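Engineer: Here you go, one structure.
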Amino acid sequence: MAQRFDAIIIGSGQAGPALAGRLTGAGMSVAFVEREHFGGTCVNDGCTPTKALVASAQAAFVARRHADFGVTVGGPIGVDMRAVKARKDAIVKASVDAVARWVRNMPGLRVYWGHGRFTAPHRVEVNGEELEAEKIFINVGGRPLVPDWPSLKSVPYLTNVSMMQVDFLPEHLIVVGGSYVGLEFAQMLCRFGARVTVVEQAPRLIPREDEDVSEAVRGILAREGIEIRLNARCIGVSPADTGVVVSADCAEGAPEIPGSHVLLAVGRRPNTEDLGLTAAGIECDERGFIKVDDQLRTNAPGVWALGDVNGRGAFTHTAWNDYEIVAANLLDNDPRRVTDRIPIYALFIDPPLGRVGIGESEARASGRPTLVGRMPMTRVGRAVERGETLGFMKVIVDERSRAIVGATLLGVNGDEAVHSIVDVMYAKAPYTVISRAVHIHPTVTELIPTLLQSLKPLS
Ligand SMILES: Cc1cc2nc3c(=O)[nH]c(=O)nc-3n(C[C@H](O)[C@H](O)[C@H](O)COP(=O)(O)OP(=O)(O)OC[C@H]3O[C@@H](n4cnc5c(N)ncnc54)[C@H](O)[C@@H]3O)c2cc1C
């Protein structure tokens, strides 16, 4: 006999708890199924801990630069990795506890600890117990992609999950994957004092970005001493006296890189293969992401998929927005859509990269008349005063409509300043709304009007 609920939520990611709050607030009974931890990836092994670690790494970096600011320090700057981890753990625990309290205090909600799996269209099994509901919400997220290299059987490797347990300084960390996750770890470990090599198979780092962005990020990391190996084909690992050897078969440099530890940061995969989706008739794409429409409904009636698992976003803010879209459609008679969303994200190296909308290469490929403004961070007074002038700002405008269609802010506070641009994009206002605005002096955002006053046709 199945337990009946109005709704079942599988997974306590970024969308699940908030949706549970709205559903229970509307008087529904909800079964909340989680197999590992409250808060999902972001809180436990993603955004929160990595940004806590990035903050420790930045403190070490600034401390080492003390003389640049006229500050004297009594001795060498050291990093206590156990204390760094303890600080990170305390921040994570506070977040997890807050989510747990929030969920457990929802009236009409029952938590089921265990792996949830569909056994029929409206039925989910957890630890041998059958649950039934008219509405089911899948928020199971993803996990690190581990390539099927046979060599991985012979060597221990780290992922973003096991990195969370690291309370020592690796002697030489080899980061396989020169994209968003890998680069954050690479810079932080380098700043903690490890030797770091990034091995990337593409000809440049973060290959989805414009070439000038990849090159600037490479320069920023290289000047801190991070070794970068591009064009690495046939990557493999094997045990060695040093710990591990990564064979890279690089177009440049030695084909083998001996290190002490290897971190795999080569992408993520959705947690869908053991979810019983066939029993419920739910369709996935060829990469395992659940197919959804613009309101996040799967092809199976009464089943929605939210967060990373639907392949429509890979961020906490997109998962949260998914929750808002589903709640608005279900409970508020408000037809919000995924396609209302403007792509925005950051790469939290230091200085950070704030990105919104399309890049220059995409604008070029569109063939539409486009205006571009570009300015080095050396022009930004606040950056000069802070001694952080690396990077540049770039904004892309559609010449006909005068709408801003994208921006790249690689520089101090770029992850914050980018919101000045996205809000005008959401307002569907012309770029002149910002270019004529008065911003506070001296701030990084202050230069965005000036940037927009320097637009030139894309050559
Ligand atoms: C290293 C790293 C850094 C990141 N940094 C950022 C950042 O700075 N900013 C940002 O926006 N995003 C960041 N992200 C991405 C962000 O973490 C994810 O986009 C976000 O967590 C997605 O949330 P979600 O709701 O899809 O599910 P998740 O957070 O992945 O949660 C899914 C939950 O479902 C549970 N689950 C899975 N299968 C089952 C099952 N069958 N039964 C029961 N429970 C199940 C899991 O245990 C998990 O708790 C980062 C990711 C990584 C890996």
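Engineer: Consider only pairs whose beta carbons are under 8 Å apart and that are at least six residues apart or on different chains; among these, list those whose first residue lies in the range 153-172 and is at pLDDT below 95 and whose second residue is among the hydroxyl-bearing types (Ser, Thr, Tyr) and surrounded by fewer than 18 Cβ atoms within 10 Å (Cβ to Cβ).
Structural biologist: Close Cβ pairs (under 8 Å, with a partner that is among the hydroxyl-bearing types (Ser, Thr, Tyr) and surrounded by fewer than 18 Cβ atoms within 10 Å (Cβ to Cβ)) amount to Ser154/Ser238; Val155/Ser238.
Engineer: Taking the condition open to solvent by 10 Å² or more (accessible area, probe 1.4 Å), part of a strand (DSSP E or B) and among the hydrophobic types (A, V, I, L, M, F, W, C), does Ile228 pass?
Structural biologist: yes
Engineer: Something else now. Looking at (1) within 16 Å of the ligand (Cβ to nearest atom); (2) without any contact (Cβ under 8 Å) to a residue 60 or more places away in the chain, which one does Gly307 not meet, given that it meets all the others?
Structural biologist: Condition (2) is where Gly307 drops out.
Engineer: Here's a follow-up. Give Thr272, Thr316, Thr242, Thr298 a once-over and let me know the one that is over 20 Å from Trp149 (Cα atoms), of a type in the set (Val, Ile, Thr) and at pLDDT below 95.
Structural biologist: Thr242
Engineer: Within the range 326-369, can you find the residues that are in contact with a Pro (Cβ under 9 Å, 6 or more places away or on another chain) and away from the ligand (no atom under 13 Å from the Cβ)?
Structural biologist: Ala328, Asn329, Val356, Gly357, Ile358, Pro369
Engineer: If you check every pair at least six apart or on different chains, which have Cβ atoms under 6 Å apart with a residue in the range 35-46 that is in contact (Cβ under 8 Å) with a residue 12 or more places away in the chain first and a residue that is near the ligand (Cβ under 6 Å from one of its atoms) and of a type in the set (Val, Ile, Thr) second?
Structural biologist: Pairs found: Cys42/Thr316.
Engineer: So, in the range 98-142, how many residues would count as being within 27 Å of Gln295 (Cα to Cα), more than 14 Å from the ligand (Cβ to nearest atom) and of a type in the set (A, V, I, L, M, F, W, C)?
Structural biologist: The total comes to 5.
Engineer: Answer yes or no as to whether Gly313 is touching a residue at least 24 places away in the same chain (Cβ under 8 Å), within 14 Å of the ligand (Cβ to nearest atom) and in a loop (DSSP other than H, G, I, E, B).
Structural biologist: Yes: the conditions hold for Gly313.
Engineer: Suppose we filter Met28, Met1 for residues that are outside any helix (DSSP H, G or I) and open to solvent by 50 Å² or more (accessible area, probe 1.4 Å); which single one remains?
Structural biologist: Being outside any helix (DSSP H, G or I) and open to solvent by 50 Å² or more (accessible area, probe 1.4 Å) holds for just one of Met28, Met1, which is Met1.
Engineer: For the range 155-192, which residues satisfy the criterion of being within 12 Å of the ligand (Cβ to nearest atom) and assigned to a loop (DSSP other than H, G, I, E, B)?
Structural biologist: Thr159, Asn160, Val161, Gly177, Ser179
Engineer: Could we say that Asp332 is more than 30 Å from Trp149 (Cβ to Cβ) and either open to solvent by 40 Å² or more (accessible area, probe 1.4 Å) or free of Cβ contacts under 8 Å to residues at least 24 places away in the same chain (or both) here?
Structural biologist: yes
Engineer: Enumerate the helices (runs of 4 or more DSSP H) found wholly within the range 32-119, keeping only those where 2 or more residues are out of contact with any Lys or Arg (no Cβ under 8 Å at 6 or more places or on another chain), open to solvent by 30 Å² or more (accessible area, probe 1.4 Å) and over 19 Å from Ala319 (Cα atoms).
Structural biologist: In the range 32-119, 47-64, 81-104 are the helices (runs of 4 or more DSSP H) which contain 2 or more residues that are out of contact with any Lys or Arg (no Cβ under 8 Å at 6 or more places or on another chain), open to solvent by 30 Å² or more (accessible area, probe 1.4 Å) and over 19 Å from Ala319 (Cα atoms).
Engineer: Which one of Asp293, Asp285 is of a type outside the set (Ser, Thr, Tyr), free of Cβ contacts under 8 Å to residues at least 12 places away in the same chain, open to solvent by 30 Å² or more (accessible area, probe 1.4 Å) and out of contact with any strand residue (DSSP E or B) (no Cβ under 9 Å at 6 or more places or on another chain)? It would help to see each step written out before you state the result.
Structural biologist: On the way: Asp285 fails: free of Cβ contacts under 8 Å to residues at least 12 places away in the same chain.
Going through Asp293, Asp285 in turn, just one is of a type outside the set (Ser, Thr, Tyr), free of Cβ contacts under 8 Å to residues at least 12 places away in the same chain, open to solvent by 30 Å² or more (accessible area, probe 1.4 Å) and out of contact with any strand residue (DSSP E or B) (no Cβ under 9 Å at 6 or more places or on another chain): Asp293.
The values are calculated or read from the model by the stated rules, or taken from the named source; none is laboratory data. Here the structure is a predicted model, which is why all the values come from computation and not from measurement. Neighbour counts run over all protein chains shown; Cβ positions are idealised from the backbone, glycine included. The protein model used for the area step is the full one, side chains on, heavy atoms only, and it has no ligands, DNA or RNA in it. Shrake-Rupley method; radii C 1.70, N 1.55, O 1.52, S 1.80 Å.
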